[in-house]
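Here's the structure, in structure tokens; my notes come after.
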Amino acid sequence: MTQIPKPVKRTLLISYFEGAAVAIHNSYTIGLYPVAFALLLGASDFQIGILGAFSFLATLFGFLSAYIVESTGQRKQTTVWTGFLSRSIWALAPLIPLLAADPARKAWAFVFLVGVSLAANAMSGNAWLAWFTDLVPAEIRGRYFGQRSGILSAVGIAGTIGAGLFLDSYKKAGSELLGYAVLFALAFLLAVASLILSFLQYEGRRPAAKGFRKAGAALLLPLKNKSYRVFLIYFVVWALVNGLSSPFWGAHMFKNLGMTYTQVSFYTAVAGVCVFFSHILWGWIIDRVGARAVLRFCSVGAILTPLLWPFADRTNLIPIWIDAALSGVVWPGINLAALYLLMENRGESGDSSVAMYSFATGTAAFLTSLLGSWLAVALSRLHFKGYGLLINNFTTLFIATAFLRLIVQIFMPGFAEQKRGRARAVPREVIAFLWIAVLTSREKLLWVVGRMRGHEHS
């Protein structure tokens with residue numbers, strides 16, 4: 001086994017703490033809480049749609065980050081400073097309610113702030129991945145990233161629940177805006193902590209700068225690969241479909257279902273726990289039957305989840321909890337399958353294929369998010385409640401998304417990959433995985449009991 005240099009060991013350890021600071025920060029500033037804050041400022045349905053669309057527009061800046069890194073070789077500097085911009089800008093959020101402006105302009109100011117933060121975050125994330133992929137030794141890369149992701153997921157879930165309980169306490173006291181001000185101030189302190197810890201990390205060998213002209217040619221190289229083009233076209237269409245309703249799930253929870261911050265945080269936690277365990281399940285099954293089989297199987301679940309939402313209302317949130325669990329199971333399978341297929345079809349283009357994938361799918365989802373925002377406004381007067389259903393502008397978009405996902409799934413193409421199993425084999429593999437997990441757990445439990453009895457008689 002290769003001896004890991006001390007600077008690398010120290011950096012890998014520091015990265016856990018730096019990542020924890022970022023995970024807590026993101027639990028406050030990415031996802032459902034910014035949507036709730038925008039609604040508190042008086043944001044319209046169209047502004048909520050634009051807020052959600054910016055999360056996809058931000059991926060285009062990941063493409064810009066890849067271009068800068070390819071051109072200059074400055075991976076650490078790009079990671080650190082774009083990351084700090086992304087996180088420190090939230091110090092301005094508490095000032096927005098104090099502006100001498102009407103609610104619409106305050107909401108637009110917040111939407112702009114979120115857009116800048118997400119764009120810088122995408123740039124930082126792409127540069128960080130390129131930096132650490134080379135820094136972490138190959139023999140421990142999978143284990144390190146797996147452990148780090150698991151720990152940071154747990155930290156993020158704890159941060160989400162803590163923020164929900166915290167905001168609900170301020171809301172009950174009639175000081176909801178003050179609660180957000182404290183939360184965003186804490187986010188700024190976490191940004192400073194992340195900056196300091198980032199500078200303590202070892203950069204490693206810096207890649208040679210290619211110059212701006214060669215970098216541009218390198219980023220377009222993946223499109224010459226036919227199998228990559230097939231892969232890319234499918235996931236661009238998939239992104240077009242999902243972008244239509246993506247901005248409105250959180251808004252529907254707060255605005256139409258009347259969910260509290262604590263309830264929304266537990267929704268995120270339920271999904272997060274399912275995501276954590278599902279990654280292990282789908283990774284094992286993909287190795288046995290291939291990514292396309294898992295993608296097709298999990299896509300069925302993704303078709304069903306939007307159809308649960310019209311059955312939920314303020315007195316019945318059971319469909320939402322079912323959605324949290326089901327989404328937490330199927331979406332890791334879809335995302336992991338997409339990652340595997342990307343790795344299988346990227347050829348020799350390396351990082352450029354990842355950047356092109358992010359750019360193309362982000363652009364597609366952004367465009368349909370804009371369309372969804374317009375439709376949400378056009379359907380704003382639609383309201384029907386009866387027969388256990390709640391039909392309004394948001395749930396109509398959810399139903400349309402389910403129908404479009406079905407069409408895309410029916411016409412799923414074949415992908416180039418080493419293992420080509422069928423989707424009908426996936427349930428059998430799920431049962432096999434669970435059976436192995438039960439037997440393994442039983443053996444470990446018996447071993448622990450045996451050790452305890454041995455100590456009692458010693």
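The values are calculated or read from the model by the stated rules, or taken from the named source; none is laboratory data. Just so you know, these numbers come straight off a predicted model, no measurement behind them. Ideal geometry is used to build each Cβ from the backbone, glycine not excepted, and the neighbour counts take in all protein chains shown.
Mind listing whichever residues of segment 301-319 are in contact with a Lys or Arg (Cβ under 8 Å, 6 or more places away or on another chain) and not in a helix (DSSP H, G or I)?
Asp313
Being hydrophobic (A, V, I, L, M, F, W, C) and either touching a Ser or Thr at 6+ places or on another chain (Cβ under 9 Å) or closer than 24 Å to Gly250 by Cβ (or both) is the requirement here; does Val8 meet it?
Values: hydrophobic (A, V, I, L, M, F, W, C): yes; either touching a Ser or Thr at 6+ places or on another chain (Cβ under 9 Å) or closer than 24 Å to Gly250 by Cβ (or both): no.
Considered against the rule, which asks whether it is hydrophobic (A, V, I, L, M, F, W, C) and either touching a Ser or Thr at 6+ places or on another chain (Cβ under 9 Å) or closer than 24 Å to Gly250 by Cβ (or both), Val8 comes out as no.
Yes/no matrix, rows are residues, columns are (1) under 22 Å from Leu12 (Cβ atoms); (2) assigned to a helix (DSSP H, G or I); (3) of a type in the set (S, T, N, Q); (4) under 19 Å from the mean Cα position of the chain (by Cα):
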| residue | (1), (2), (3), (4) |
| --- | --- |
| Gly62 | no, yes, no, yes |
| Ser65 | no, yes, yes, yes |
| Ser86 | no, yes, yes, yes |
| Pro94 | no, yes, no, no |
| Ser124 | yes, yes, yes, yes |
| Ala130 | yes, yes, no, yes |
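Filter segment 302-337 down to residues that are of a type outside the set (A, V, I, L, M) and closer than 19 Å to Tyr387 by Cβ, then give me how many there are. Give the derivation first.
Quick first cut of segment 302-337, residues of a type outside the set (A, V, I, L, M) only: 305-306, 309-311, 313-316, 319, 321, 323, 327-328, 331-333, 335.
Going one step further and asking which of them are closer than 19 Å to Tyr387 by Cβ, we end up with 306, 309-311, 313-316, 319.
Residues that pass the stated criteria total 9.
Quick check on this structure: which one of Ala58, Ala36, Ala21 is in contact (Cβ under 8 Å) with a residue 24 or more places away in the chain, farther than 26 Å from Val377 by Cα, within 23 Å of the chain's Cα centre (by Cα) and part of a helix (DSSP H, G or I)? Break it down stepwise before answering.
Numbers: Ala58 fails: farther than 26 Å from Val377 by Cα; Ala36 fails: farther than 26 Å from Val377 by Cα.
Unique residue meeting the criteria: Ala21.
When you check Ser55 against the structure, is it hydroxyl-bearing (Ser, Thr, Tyr), out of contact with any Leu (no Cβ under 6 Å at 6 or more places or on another chain) and within 22 Å of Leu32 (Cα to Cα), yes or no?
So Ser55 does not fit the description; no.
Any chance segment 346-354 includes a residue that's of a type in the set (Gly, Ala, Ser), at pLDDT below 90 and surrounded by fewer than 17 Cβ atoms within 10 Å (Cβ to Cβ)? Quick ask: steps written out before the conclusion?
To start, the set of residues in segment 346-354 that are of a type in the set (Gly, Ala, Ser) comprises 347, 349-350, 352-353.
From what is left, the residues that are at pLDDT below 90 are 347, 349-350, 352-353.
Right, trim to surrounded by fewer than 17 Cβ atoms within 10 Å (Cβ to Cβ) and you get 347, 350.
Yes, segment 346-354 has at least one match.
What single numbered condition from (1) over 19 Å from Leu183 (Cα atoms); (2) in contact (Cβ under 8 Å) with a residue 40 or more places away in the chain fails to hold for Arg87?
Checking Arg87 against (1) over 19 Å from Leu183 (Cα atoms); (2) in contact (Cβ under 8 Å) with a residue 40 or more places away in the chain, the one that fails is (1).
Just to be sure before I move on: is Ser194 in a helix (DSSP H, G or I), out of contact with any Ser or Thr (no Cβ under 9 Å at 6 or more places or on another chain) and modelled with pLDDT of 90 or more in the structure I sent?
Working: in a helix (DSSP H, G or I): yes; out of contact with any Ser or Thr (no Cβ under 9 Å at 6 or more places or on another chain): yes; modelled with pLDDT of 90 or more: yes.
In short, yes.
Being among the charged types (D, E, K, R), assigned by TED's automatic domain parsing to the domain that holds Phe54 and crowded, with 18+ Cβ neighbours inside 10 Å: is that true of Asp134 here?
Numbers: among the charged types (D, E, K, R): yes; assigned by TED's automatic domain parsing to the domain that holds Phe54: yes; crowded, with 18+ Cβ neighbours inside 10 Å: no.
No; evaluated as a whole, the condition is false for this residue.
Look through His252, His279 and report the one residue that is outside any loop (DSSP other than H, G, I, E, B), in contact with a Pro (Cβ under 8 Å, 6 or more places away or on another chain) and assigned by TED's automatic domain parsing to the domain that holds Phe366. Before you say what the answer is, go through the steps one by one.
Details: His252 fails: in contact with a Pro (Cβ under 8 Å, 6 or more places away or on another chain).
On inspection, the qualifying residue turns out to be His279.
From the set of residues in segment 246-290 that are over 26 Å from Gly179 (Cβ atoms) and of a type in the set (Phe, Trp, Tyr), which is surrounded by the fewest Cβ atoms within 10 Å (Cβ to Cβ)? Can you show your working first?
If we filter segment 246-290 for residues that are over 26 Å from Gly179 (Cβ atoms), which is where we start, we get 246, 274-290.
This time we only want the ones that are of a type in the set (Phe, Trp, Tyr), so: 276-277, 282, 284.
Numbers: Phe276: 16, Phe277: 12, Trp282: 28, Trp284: 15.
If we take residues in segment 246-290 being over 26 Å from Gly179 (Cβ atoms) and of a type in the set (Phe, Trp, Tyr), then Phe277 is surrounded by the fewest Cβ atoms within 10 Å (Cβ to Cβ).
Please go through segment 277-336 and give me each residue that is within 24 Å of Ser153 (Cβ to Cβ) and β-branched (Val, Ile, Thr), ordered by number.
Ile280, Ile285, Ile286, Val294, Thr305, Ile320, Ile322, Val329, Val330, Ile334, listed by residue number.
I need the full set of residues from segment 374-406 which are among the β-branched types (Val, Ile, Thr) and in contact (Cβ under 8 Å) with a residue 40 or more places away in the chain, in order please.
Step one: filter segment 374-406 for residues among the β-branched types (Val, Ile, Thr), giving 377, 391, 395-396, 399, 401.
Scanning segment 374-406 gives Val377, Ile391, Thr395, Ile399, Thr401.
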